[in-house]
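Peer 1: First the structure, then my questions, so here it is.
The values are calculated or read from the model by the stated rules, or taken from the named source; none is laboratory data. The structure presented is a predicted model; accordingly, all values stated were derived computationally and were not measured. Positions of Cβ are generated from backbone atoms using ideal geometry, with glycine treated the same way; all protein chains shown enter the neighbour counts.
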Amino acid sequence: MSTGAKDLAGNPLLSAFSSTFTTEASLDLTPPTVVGISPPDGGTELPTNGQACVQFSEALDPTTVTAESVVVTGGGVLLELERRLSLMNRVLCVRPANLFPFAASTTYVLTLTPELTDAAGNRLPAPVESFFTTSTTADTAPPIVTAISPMSGATGVAADTAVTLSFNEPIEPATVHLASFTLRDWTTSRVVAGSYQVSADRRQASVIPAEPLWAQHTYQVELSTGAALTDLAGNAAARQTFSFTTGAAPGTDLTTLPTGASVTVNPPSLFADGQSSAQVTLSNVNRNGTLVPNGTRLGVTVVSTTFADSAGGTLSGGVPSAADPAFQVVTTLDGGATLTYRSLDLSDLPPGSSRTATVQVVSLDTADRPVRLIGSASVTLFRSASATVTSNPTWIRPDNSCFADVTVTIVDNDGNPVPVGTRFAVTADPVFAVGSAGGTMSGSECSASSINPRFLLCDIAYGGTLTVQYAPPTLSLLSGETRTATIQAAAVNTDEEITGVLGARSLSLRNDGLCTPQPVLGVAGVSPASGETGVGLNAPVVAKFSQPLDPASVTSANFYVQRTSPNCCQTIPGTLVMGNSPKGANTVVTFIPTNPLAPKAGYAITVTTGIRSAEGNPLANSFYSSFTTGLESDSTAPAVVQISPREGKTDVSLNTVMQVEFSEPMRPASLTAESFRVEVGAVPIGGQVSVGNGAQGPNTLATFRPDGPLAPNTAFTIRLMTAVTDTAGNPLEAEFTSTFGTATAGDLGRPKVVSVDPASGSLNVLFTAAVSVRFSEPVSPITVNASTFFVSDSLTGLRLAGGIAFSEGDTVATITFDNPLFTGRGYTVRVTQEVRDVASNRLLNAFSSYFSVPMASGTGSLPTSATVLINPPILFADGRLPTTVTVSNINRNGTLVANGALVAVTAEPAFSTYSAGGLISGSSVGPSPDGRFLLFETVGASINLFYTPQDLTGLARGQSRTAVIQIASVDAGGRPVNLVGQGSVTLVGIDSATVVANPASLPANGTSTSTITVTVNDREGNLVPDGTPVGLTVAPIYSVTTAGGMIIDGTTSTADPRVQLFTTADGRFTATYRPPTSRGSGTAVIQVLTVDLLERPTSLATTANISLQ
């Protein structure tokens, strides 16, 4: 409410007011009732300055507490009252207004009328009357505690003891509650849950704990002044505290009870349907670090205690404690035990919210009563989190004979599909979307709600998806008028009550709308994949569509490929060919370039909405994708790198998906349910095939997702047909098969790392060591790669290169490093949660450990820095020209090292992972045990050496690489320790070229010639060295519009016969061009190319034009 609100005199509201509230899942139709009145009916003890209080079963609507609904009369006189609500509007107290007292020794009648209502407007069922008589005097003295049981300071108190306070006068029952009279656990300061009672004479108040008190535990009793316990006159008792300690059962030796335990719940989150379960593992049960003996008894609970709040649930695997049934008693074996936790059915949870169940492990006395909390772990309980709602069509004619297909997909808090049979509600009425135009929902797996007719109740299918139908209302709309109907999917509890909205989708209602669902046309996959690199020059572009196309709409204006670099943007000539797929005829479009693609060039694929389905529906959205070519055509067949489940694996869970990782990017249109099959007895099962990114790159991971759970105790065969091809169209060399067998149930448990070698904290690891991690169950090797399992240098943070191998049934993964480890430093092992088991359950927790590699024995003080000078710092990278490297001022903390001190030198990727490599030479004393380094002895705190780059002939125009000369200290064994200095050499190739054609115009007669003179420079503007190879062509490689002709000098490239090769002398060469015989005019484009050692073109250096007449 804003300050614009005014009273009758025109005075504005003092300040703006706002308040929030949250609705429940259901309607409140229950009226409030009176649960207690003080003084009681017929009471005679109320002081003249006292008050009469009424306790209600629920909160009242404060606006209904009026002079008409709450009345007190005495001696036939109606009293003017002060009426006050407290305790969340559940307690109503009245007394005479204006500080007047009640009259002495007078009988009063308190009347409550049905005008009193709760917040939902439910009225008091019937009038309530209560009589009380005042005493002769006022009472201004606070109540005093005269006794406490148990006594303050008492020990050995029984676990089932109630706490009772006695007072010197009657107390007001409405003030005896959790906030005024509190029993707390001394250790945690948490309140002990319980119920409160007041004696008939109102001189005693008791708290009865809801659960037995823990053994050998101290508890505190507190009377608070914040929400005070009062007498009948409202005088507050003074703040007081008392304490007592419970006893332990006879024979309990507190010095032998466990003090700690590790608790793991797997999985740590569960769908709260009352059926999902998790394994609870207790381990490392110890007393002060020493494992307890076998047979040690422990208590385990998931109820709320003074140590933790908990949503509850069910534990099995032990026996109920006779002393406290809330606990299961288990006995240890090898310091551990295992139980099973089953979730609650929390169908009332609003979408996206969660509850936490806390598994608490306690030590026990000899009577199995809990003594101390020694470990705990949490389980997150959730329901449906969100829904994706789609509609086909999205605009519909407002006629109830029309309909749309509405697909609802519901996921949980972890993004996984909710279980089969999960109930949800759907409506088009204005419920969560207040402006919805309404309509009718229907579905074969649905029924009308019995308590809320606006909603249709449905049970979700496998995969968390269900399709229902929507029929719009019949509306008379004006031309151009649009109404909106919003399909709202909602969560529902077991009582059919709506708990919250999951998701929604709006449809447009208009006169020109569709009347039935129309298949939505989209691009289902493309090859080359977006972002793919190294694409073969012979690769076609293949797009797979979601439904058959109208061939007449598949034209070069609607489906085309452009080269985006170099020289953007040239449309590539080619042919469009229609093909078939399991989606139907004319669902695949293949673009075959007229000429091979250009090397190391960027390309873009564009498909416009001009493409239409066979029914005439346009492509839903324009499609764009890009890729980059490699250096040559691809004729190598793809191979299966890994498969999950592994060949011959048994006990595969029923919720497993099948995955295949390929050696190179594949063509999605070739991977279908016909070419990637999962069979039982040679009969394919139903499922969906998708292609995505894997460790080998885009389109390298194919997934088969069954339409339902796998059959138990069944043998399955994964079959890949030779119709499966890579991007260039190369098929598998042979049909591939792999077999596995299923278990009897699904798997929701998550794998975890149980050990690592070297052990975390190891200090004397060999520099040649490998690193292994052991998992609690077999993992999918497809998910274990360099991004999910790696080792990094703790000093630099750089990840170490190496290969990963698996053993012991895929429970052990081992990294073997490409190079030795540096000594005198630490390393960190990491495993991310993206590692998954065969059922795709993520790793329970990310894992990390640390180890270090020592320096060789006898290692003395090592240098800490050096100065590196390289002359020249820029080299033409043809592998022939060296540069001089001078390393001086080699020192330790400013003090020059002695003659003969050893240092190691390399240009390979070592301390600098991006170094281009090359050869180090000079007066070396020999190689280091780390073969990347040469050892040198210092003279005058300096060394001199030479660096020769690799032959990087073929660097693309303008491209450069960097070689980093790295100087390292070494231990007594000659192994590198730390980087003490470095310098960089820039390696360059051809940067520019000029072309002169003489003459620049020729008749297209096939006999005339032009002399082509080419001058080639590096990045510094210098002429390139003699013998530098250069390519020349007039074929449509980088220019798609060239008129062609012939270069009649040089030698023909073995890699690409369209290219003639030349070598420079004084940075130049000449060639002769002969035009084609042609009747028309045109332009021959002379293209100067960089080429590599294999005679493959790598880039376009420059062009020149010759006009043909």
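Peer 1: Just the residues that are at pLDDT 90 or above, under 25 Å from GLN518 (Cβ atoms) and among the hydrophobic types (A, V, I, L, M, F, W, C), please, taken from segment 614-630.
Peer 2: Correct list: ALA614, LEU619, PHE623.
Peer 1: Moving on. Checking the condition over 22 Å from the mean Cα position of the chain (by Cα), crowded, with 18+ Cβ neighbours inside 10 Å and of a type in the set (Ser, Thr, Tyr), which residue from THR783, THR883 passes? Step through it out loud before you land on a result.
Peer 2: On the way: THR783 fails: over 22 Å from the mean Cα position of the chain (by Cα).
From the options THR783, THR883, the qualifying one is THR883.
Peer 1: May I ask you to say which residue of ALA805, ALA901, ALA813, ALA846 is assigned by TED's automatic domain parsing to the domain that holds LEU955, at pLDDT 95 or above and hydrophobic (A, V, I, L, M, F, W, C)? Quick ask: steps written out before the conclusion?
Peer 2: Values: ALA805 fails: assigned by TED's automatic domain parsing to the domain that holds LEU955; ALA813 fails: assigned by TED's automatic domain parsing to the domain that holds LEU955; ALA846 fails: assigned by TED's automatic domain parsing to the domain that holds LEU955.
Answer to the check: ALA901.
Peer 1: Filter segment 725-763 down to residues that are of a type in the set (Asp, Glu) and assigned by TED's automatic domain parsing to the domain that holds VAL680 and give me whichever is surrounded by the fewest Cβ atoms within 10 Å (Cβ to Cβ). So that I can check it myself, show each step before the final result.
Peer 2: Residues of segment 725-763 of a type in the set (Asp, Glu): 726, 733, 735, 747, 757.
Pick out the ones that are also assigned by TED's automatic domain parsing to the domain that holds VAL680 and you get 726, 733, 735.
Details: ASP726: 25, GLU733: 11, GLU735: 13.
Across segment 725-763, the extreme among qualifying residues is GLU733.
Peer 1: I would also like to ask the following. Of (1) farther than 30 Å from ASP345 by Cα; (2) outside any loop (DSSP other than H, G, I, E, B); (3) touching an Asp or Glu at 6+ places or on another chain (Cβ under 7 Å), THR499 satisfies all except one. Which?
Peer 2: THR499 satisfies every listed condition except (1).
Peer 1: Another question, then. In contact with a Lys or Arg (Cβ under 9 Å, 6 or more places away or on another chain), surrounded by 16 or more Cβ atoms within 10 Å (Cβ to Cβ) and among the charged types (D, E, K, R): is that true of ARG677 in this structure?
Peer 2: Numbers: in contact with a Lys or Arg (Cβ under 9 Å, 6 or more places away or on another chain): yes; surrounded by 16 or more Cβ atoms within 10 Å (Cβ to Cβ): yes; among the charged types (D, E, K, R): yes.
Yes: the conditions hold for ARG677.
Peer 1: Is at least one residue of segment 611-620 over 29 Å from THR1090 (Cα atoms), under 36 Å from the mean Cα position of the chain (by Cα) and small (Gly, Ala, Ser)?
Peer 2: There is at least one residue in segment 611-620 that is over 29 Å from THR1090 (Cα atoms), under 36 Å from the mean Cα position of the chain (by Cα) and small (Gly, Ala, Ser).
Peer 1: While we're here: Tell me which residues, restricted to segment 413-443, are in a loop (DSSP other than H, G, I, E, B), surrounded by 15 or more Cβ atoms within 10 Å (Cβ to Cβ) and charged (D, E, K, R).
Peer 2: ASP429
Peer 1: Given the conditions (1) of a type in the set (Gly, Ala, Ser); (2) within 25 Å of ASP512 (Cβ to Cβ); (3) in contact (Cβ under 8 Å) with a residue 40 or more places away in the chain, report the number of the one that SER442 does not fulfil.
Peer 2: (3)
Peer 1: Test ALA1071 against the criterion of being at pLDDT 95 or above and more than 55 Å from the chain's Cα centre (by Cα), and give yes or no. Before the answer, list the steps.
Peer 2: Numbers: at pLDDT 95 or above: yes; more than 55 Å from the chain's Cα centre (by Cα): yes.
Yes.
Peer 1: Further question: If you check PRO1025, PRO1036, which single one turns out to be assigned to a loop (DSSP other than H, G, I, E, B), surrounded by fewer than 18 Cβ atoms within 10 Å (Cβ to Cβ) and in contact (Cβ under 8 Å) with a residue 24 or more places away in the chain?
Peer 2: Details: PRO1036 fails: surrounded by fewer than 18 Cβ atoms within 10 Å (Cβ to Cβ).
Selected residue: PRO1025, the only one of PRO1025, PRO1036 that is assigned to a loop (DSSP other than H, G, I, E, B), surrounded by fewer than 18 Cβ atoms within 10 Å (Cβ to Cβ) and in contact (Cβ under 8 Å) with a residue 24 or more places away in the chain.
Peer 1: Take PRO101 and decide whether it is under 24 Å from LEU229 (Cβ atoms) and out of contact with any strand residue (DSSP E or B) (no Cβ under 7 Å at 6 or more places or on another chain). Before the answer, list the steps.
Peer 2: Details: under 24 Å from LEU229 (Cβ atoms): yes; out of contact with any strand residue (DSSP E or B) (no Cβ under 7 Å at 6 or more places or on another chain): yes.
Yes; evaluated as a whole, the condition is true for this residue.
Peer 1: Within segment 5-62, work out how many residues are over 46 Å from the mean Cα position of the chain (by Cα), assigned to a loop (DSSP other than H, G, I, E, B) and of a type in the set (Ser, Thr, Tyr). Steps first, please.
Peer 2: Quick first cut of segment 5-62, residues over 46 Å from the mean Cα position of the chain (by Cα) only: 5-14, 31-56, 62.
Now restrict to residues that are assigned to a loop (DSSP other than H, G, I, E, B): 5, 7-11, 13-14, 31-33, 39-42, 47-51.
This time we only want the ones that are of a type in the set (Ser, Thr, Tyr), so: 33, 48.
Result for segment 5-62: 2.
Peer 1: Only residues that are farther than 15 Å from LYS752 by Cβ and outside any strand (DSSP E or B): list them for segment 810-837, please. Before you say what the answer is, go through the steps one by one.
Peer 2: Here is the first cut: in segment 810-837, the ones farther than 15 Å from LYS752 by Cβ are 814-828.
Within segment 810-837, ASP818, ASN819, PRO820, LEU821, PHE822, THR823, GLY824 meet the criteria.
Peer 1: Could you list, in sequence order, all residues of segment 465-518 that are buried (at least 19 other Cβ atoms within 10 Å of the Cβ), within 19 Å of GLY443 (Cβ to Cβ), touching a Cys at 6+ places or on another chain (Cβ under 8 Å) and touching a residue at least 60 places away in the same chain (Cβ under 8 Å)?
Peer 2: Selection gives VAL468, PRO472.
Peer 1: Related question: How about segment 146-161: which of its residues are crowded, with 16+ Cβ neighbours inside 10 Å, among the hydrophobic types (A, V, I, L, M, F, W, C) and not in a strand (DSSP E or B)?
Peer 2: ALA159
Peer 1: Mind telling me which of the residues ALA261, ALA308 ends up being over 22 Å from PRO209 (Cα atoms) and surrounded by 19 or more Cβ atoms within 10 Å (Cβ to Cβ)? Reasoning before the result, please.
Peer 2: Working: ALA308 fails: over 22 Å from PRO209 (Cα atoms).
Result of the check over ALA261, ALA308: ALA261.
Peer 1: Considering only segment 767-799, how many residues are part of a loop (DSSP other than H, G, I, E, B), over 25 Å from SER857 (Cα atoms) and either without any contact (Cβ under 8 Å) to a residue 12 or more places away in the chain or not hydroxyl-bearing (Ser, Thr, Tyr) (or both)? Steps first, answer last, please.
Peer 2: Step one: list which residues in segment 767-799 are part of a loop (DSSP other than H, G, I, E, B), which gives 767-770, 776-778, 780, 784-788, 794-798.
Keeping just the survivors that are over 25 Å from SER857 (Cα atoms) gives 776-778, 780, 784-788, 797-798.
From what's left, either without any contact (Cβ under 8 Å) to a residue 12 or more places away in the chain or not hydroxyl-bearing (Ser, Thr, Tyr) (or both): 777-778, 784-786, 797-798.
Of the residues in that region, 7 qualify.
Peer 1: Sticking with this one: Is there a residue in segment 206-227 that is at pLDDT 90 or above, among the aliphatic types (A, V, I, L, M) and touching a helix residue (DSSP H, G or I) at 6+ places or on another chain (Cβ under 8 Å)?
Peer 2: No, the conditions are met nowhere in segment 206-227.
Peer 1: Which of the residues belonging to segment 510-551 are of a type in the set (Gly, Ala, Ser), over 28 Å from the mean Cα position of the chain (by Cα) and under 30 Å from CYS402 (Cβ atoms)?
Peer 2: Matches in segment 510-551: GLY513, SER546.
Peer 1: Taking the condition of being among the polar types (S, T, N, Q) and under 26 Å from ALA248 (Cα atoms), how many residues in segment 146-197 meet it? Break it down stepwise before answering.
Peer 2: Within segment 146-197, the first condition is being among the polar types (S, T, N, Q), and the residues that meet it are 146, 149, 152, 155, 161, 164, 166, 168, 175, 180, 182, 187-189, 195, 197.
Now narrow it down to the ones that are under 26 Å from ALA248 (Cα atoms): 149, 152, 155, 161, 164, 182, 187-189, 195.
Number satisfying all stated conditions: 10.
Peer 1: How many residues, within segment 407-431, are at pLDDT below 95, of a type in the set (Gly, Ala, Ser) and under 22 Å from ALA448 (Cβ atoms)?
Peer 2: Counting residues in segment 407-431 that are at pLDDT below 95, of a type in the set (Gly, Ala, Ser) and under 22 Å from ALA448 (Cβ atoms) gives 1.
Peer 1: Need a quick list: strands (runs of 3 or more DSSP E) entirely within segment 603-702 having at least 2 residues that are under 21 Å from ALA539 (Cα atoms), touching a Ser or Thr at 6+ places or on another chain (Cβ under 6 Å) and among the charged types (D, E, K, R).
Peer 2: Numbers: elements: 623-628, 640-644, 649-652, 658-662, 676-680, 687-694.
Strands (runs of 3 or more DSSP E) meeting the threshold: none at all.
Peer 1: Right, another one. Kindly list, by first and then second residue, each pair from a residue in segment 913-938 that is under 21 Å from SER888 (Cα atoms) to a residue that is charged (D, E, K, R), limited to pairs with Cβ atoms under 7 Å and residues at least 6 apart or on different chains.
Peer 2: What qualifies is VAL925/GLU937; SER928/ARG975.
Peer 1: In segment 841-850, which residues are part of a loop (DSSP other than H, G, I, E, B) and surrounded by fewer than 18 Cβ atoms within 10 Å (Cβ to Cβ)? Write out each step before concluding.
Peer 2: Just the residues of segment 841-850 that are part of a loop (DSSP other than H, G, I, E, B), to begin with: 841, 843-846.
Passing the criteria: ASN845, ALA846.
Peer 1: Go through the residues of segment 383-401 one by one and say whether even a single one is aromatic (Phe, Trp, Tyr) and buried (at least 21 other Cβ atoms within 10 Å of the Cβ). Before the answer, list the steps.
Peer 2: Initial filter on segment 383-401 (aromatic (Phe, Trp, Tyr)): 395.
When the remaining residues are screened for being buried (at least 21 other Cβ atoms within 10 Å of the Cβ), the result is none.
Checked against the condition, which is being aromatic (Phe, Trp, Tyr) and buried (at least 21 other Cβ atoms within 10 Å of the Cβ), segment 383-401 yields no hits at all.
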